1. Report, ordered by the first and then the second residue, all pairs with beta carbons closer than 6 Å, sequence separation of six or more or different chains, a first member in the stretch 107-125 that is under 14 Å from Phe89 (Cβ atoms) and of a type in the set (A, V, I, L, M), and a second member that is assigned to a helix (DSSP H, G or I) and modelled with pLDDT of 90 or more.
2. Going through Gln148, Gln122 one at a time, which residue ends up being closer than 29 Å to Gly84 by Cβ, surrounded by fewer than 16 Cβ atoms within 10 Å (Cβ to Cβ), at pLDDT 85 or above and of a type in the set (S, T, N, Q)?
3. So which helices (runs of 4 or more DSSP H) are wholly in the stretch 49-159 and hold at least 3 residues that are among the polar types (S, T, N, Q) and farther than 30 Å from Val184 by Cβ?
4. Could you please let me know if Asn182 is at pLDDT below 80 and surrounded by fewer than 17 Cβ atoms within 10 Å (Cβ to Cβ)?
5. Within the stretch 2-21, does at least one residue satisfy the condition of being modelled with pLDDT under 60 and of a type outside the set (Lys, Arg)?
6. Which of the residues belonging to the stretch 107-131 are within 30 Å of the chain's Cα centre (by Cα) and of a type in the set (S, T, N, Q)?
Amino acid sequence: MTADQREEAGYPRAKPVFKIKLNGIPKVAPMMANVELSNDETFIARQNFLKRNQKLIDDCVKVVDAKVVYDEPTHPDMAIYSLGFMNAFETSWCQGFNAIYSWEEKYKYFCESKVNPKYEGQLTMRTTEIPFYMFGRNAPHVFSEEHQLIWENYVHLRKTVGLANSPKTSSGALHTLVNLQNQVKYLFSPDELKDNKTPIIS
């Protein structure tokens with residue numbers, strides 16, 4: 001809108017200036033709410049817990065700040081984010097997979113693709129391994145006996161020793177239930193039973 005158009009519409013000729021506040025803290029409650037909160041029993045109980053467990057909090061801060069070195073992502077769970085864009089075959093295959101409604105039919109499509117001569121040399125991790133984990137997590141009931149055994153073995157390893165690319169720490173691989181249990185036990189154990197190693201929570 002030009003100056004003349006603004007004037008004809010009844011607005012000032014000068015171009016309006018808008019003040020925009022970025023990343024400002026929204027005022028969602030009156031200031032009195034802060035006073036009321038400070039007297040709330042739950043709030044006070046949490047404050048007291050923090051005061052009594054300062055050492056535990058310090059340990060948790062060390063956990064967050066600890067450095068972890070990751071291997072090159074080759075496992076499907078991690079490589080999915082580093083594979084780049086899909087090629088024409090992968091796009092076509094995924095479109096066919098997603099067009100199928102039932103898990104049973106999806107699994108049939110998946111299995112037939114692996115033995116179809118016309119797909120020889122074109123199948124990739126995106127069309128073989130990643131769909132396999134998708135079935136295991138969402139519809140393991142469709143698995144053949146062979147695939148069921150492979151999946152159960154994967155789940156066992158996932159719980160105990162981690163994946164191929166799981167970052168390693170002094171207490172073992174991250175992202176395993178066993179390691180997580182050990183880390184929690186360490187954080188809540190008496191100080192005299194702790195060594196100088198700092199655990200890392202998955």
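1. If the second residue must be assigned to a helix (DSSP H, G or I) and modelled with pLDDT of 90 or more, no pairs are left.
2. On the way: Gln148 fails: closer than 29 Å to Gly84 by Cβ.
Being closer than 29 Å to Gly84 by Cβ, surrounded by fewer than 16 Cβ atoms within 10 Å (Cβ to Cβ), at pLDDT 85 or above and of a type in the set (S, T, N, Q) holds for just one of Gln148, Gln122, which is Gln122.
3. 88-98
4. yes
5. Scanning the stretch 2-21, I find at least one residue that is modelled with pLDDT under 60 and of a type outside the set (Lys, Arg), so the answer is yes.
6. Ser113, Gln122, Thr124, Thr127, Thr128
The values are calculated or read from the model by the stated rules, or taken from the named source; none is laboratory data. Bear in mind the structure is a predicted one, so any value in this text is a computation, not a measurement. All Cβ positions, even for glycine, are placed from backbone atoms using ideal geometry, and neighbour counts span all protein chains on display.
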